[in-house]
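As structure tokens, the structure follows; a few thoughts come after it.
Just so you know, all these numbers are worked out from the coordinates, no wet-lab data involved. Predicted model only: the values in this text are computed from it and were never measured. Methodologically, a virtual Cβ is constructed for each residue, glycine included, from the backbone with ideal geometry; neighbour enumeration extends over all protein chains shown.
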Amino acid sequence: MLSFGVTVLPDPPYTRLVELMQLAEQNGFEYGWTYDSHILWQDPYPLLTATALSTSKIKLGLNVTNPGTREPTVTASAFATLQDISGGRMVMGIGRGDSARRTIGQKPVKVAEFERAVAMIRELMNGRPVQWNETEVELKWAKELPQLPLYVAGYGPRVLAVAGRHADGVIIQLADPEIVEWIVGQVRGAAEEAGRDPDQIRVVACAPASIGDDEKKCAEEVRWFPAMVSNHVFDLLSKHDKSELPAALTDYVARMERERYDYSEHSRVGAEHGQQVSDETCERFCVLGTPEQHVEKLRRLEAAGVDQWNIYLMTRDQERILDIYGSEIIPALAAPAGSGSRRA
């Protein structure tokens, strides 16, 4: 059955993030995530600590960190510490780094370096000894903590193969069932080649949600998101032949100018670079419309292999979105298809 998560920006005041996480927990969301981009927003680790101490059930994590802006053993130790503080409620999301790296003049971490770090972090943060920098390292104090899962974020074949070989889950930043199905196939294929059970790898789809019957207004709330995704697509196209990637992922960037992307407006409603994005792309990449339309699209995502729907709560009416999900959409997805939504 589909589970639900929410990603909240680590904007000041920090109490706002804590309040939204508490409201999400009250509305039946099982996961609460935040970004790790230390120049654009507040550092997330103190915020996750505050949230862990202010909630009781919701699982918490970064969506996503990277192994380049913090030394990987530091990240592993920080997450193991949070696993203790939270009573076993942490989950790590990790990627190669976009805004966190580019805002300090660095490029995303190379795939080979990324894979080496992912494999090490997953072991070290769970109390198992590793070799790092030709040195044996172990967090002996973390041995008795509950297993802490690691999810890899990516779009391209090489990073998705890393997820298949090493991760407990994959994070997909979009809500187009066609693209999701292709990504899930890439991850599961790599898992099988590595001798792992592909069905054990969880799949998270992340994107903004906007609720209403005015399609144009809904699209305006989320237009920034496909523009954000385009940064990753441009990177993919610089390393892969277009034929290796689904047209649904690559075709829309043909009308976009990457140099227009402004990281000072990263994940912001009304970002100027979002004006390059069509309504059709907004509808494909996000979840928009009435509660009934949300339910219908989420069923399609679930059929494509998604286990968790994670709302990027970077839109207006944040409390309203969480409340409608809690009262209508989450209960409807828990009911058999065709039975209609019901209020909790």
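Per-structure values
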read-out	value
Selection within segment 239-261 - outside any helix (DSSP H, G or I), over 15 Å from residue 157 (Cβ atoms) and under 24 Å from the mean Cα position of the chain (by Cα)	256, 261
Test for residue 99: is it in contact (Cβ under 8 Å) with a residue 60 or more places away in the chain and in contact with a His (Cβ under 6 Å, 6 or more places away or on another chain)	yes
Which numbered condition residue 279 fails, given (1) surrounded by fewer than 16 Cβ atoms within 10 Å (Cβ to Cβ); (2) under 30 Å from residue 38 (Cβ atoms); (3) of a type outside the set (S, T, N, Q)	(2)
Residue count for segment 228-258, restricted to those that are within 15 Å of residue 283 (Cβ to Cβ), aliphatic (A, V, I, L, M) and out of contact with any Leu (no Cβ under 9 Å at 6 or more places or on another chain)	1
Tally, over segment 59-83, of residues that are more than 29 Å from residue 265 (Cβ to Cβ), of a type outside the set (D, E, K, R) and crowded, with 18+ Cβ neighbours inside 10 Å	9
Considering residues of segment 43-67 that are over 18 Å from the mean Cα position of the chain (by Cα) and part of a loop (DSSP other than H, G, I, E, B) only, the residue nearest to residue 204 (Cα to Cα)	57
Whichever residue in segment 84-108 is aliphatic (A, V, I, L, M) and surrounded by 21 or more Cβ atoms within 10 Å (Cβ to Cβ) and, among such residues, is nearest to residue 171 (Cα to Cα)	94
Residue tally, condition out of contact with any strand residue (DSSP E or B) (no Cβ under 9 Å at 6 or more places or on another chain) and without any contact (Cβ under 8 Å) to a residue 60 or more places away in the chain, over segment 50-77	10
Count of residues meeting criterion [acidic (Asp, Glu), part of a loop (DSSP other than H, G, I, E, B) and within 19 Å of residue 213 (Cα to Cα)] in segment 262-318	1
Flag if residue 47 is free of Cβ contacts under 8 Å to residues at least 40 places away in the same chain, over 27 Å from residue 1 (Cα atoms), in contact with a strand residue (DSSP E or B) (Cβ under 8 Å, 6 or more places away or on another chain) and among the hydrophobic types (A, V, I, L, M, F, W, C)	yes
Test for residue 269: is it in contact (Cβ under 8 Å) with a residue 60 or more places away in the chain, among the β-branched types (Val, Ile, Thr) and surrounded by 15 or more Cβ atoms within 10 Å (Cβ to Cβ)	no
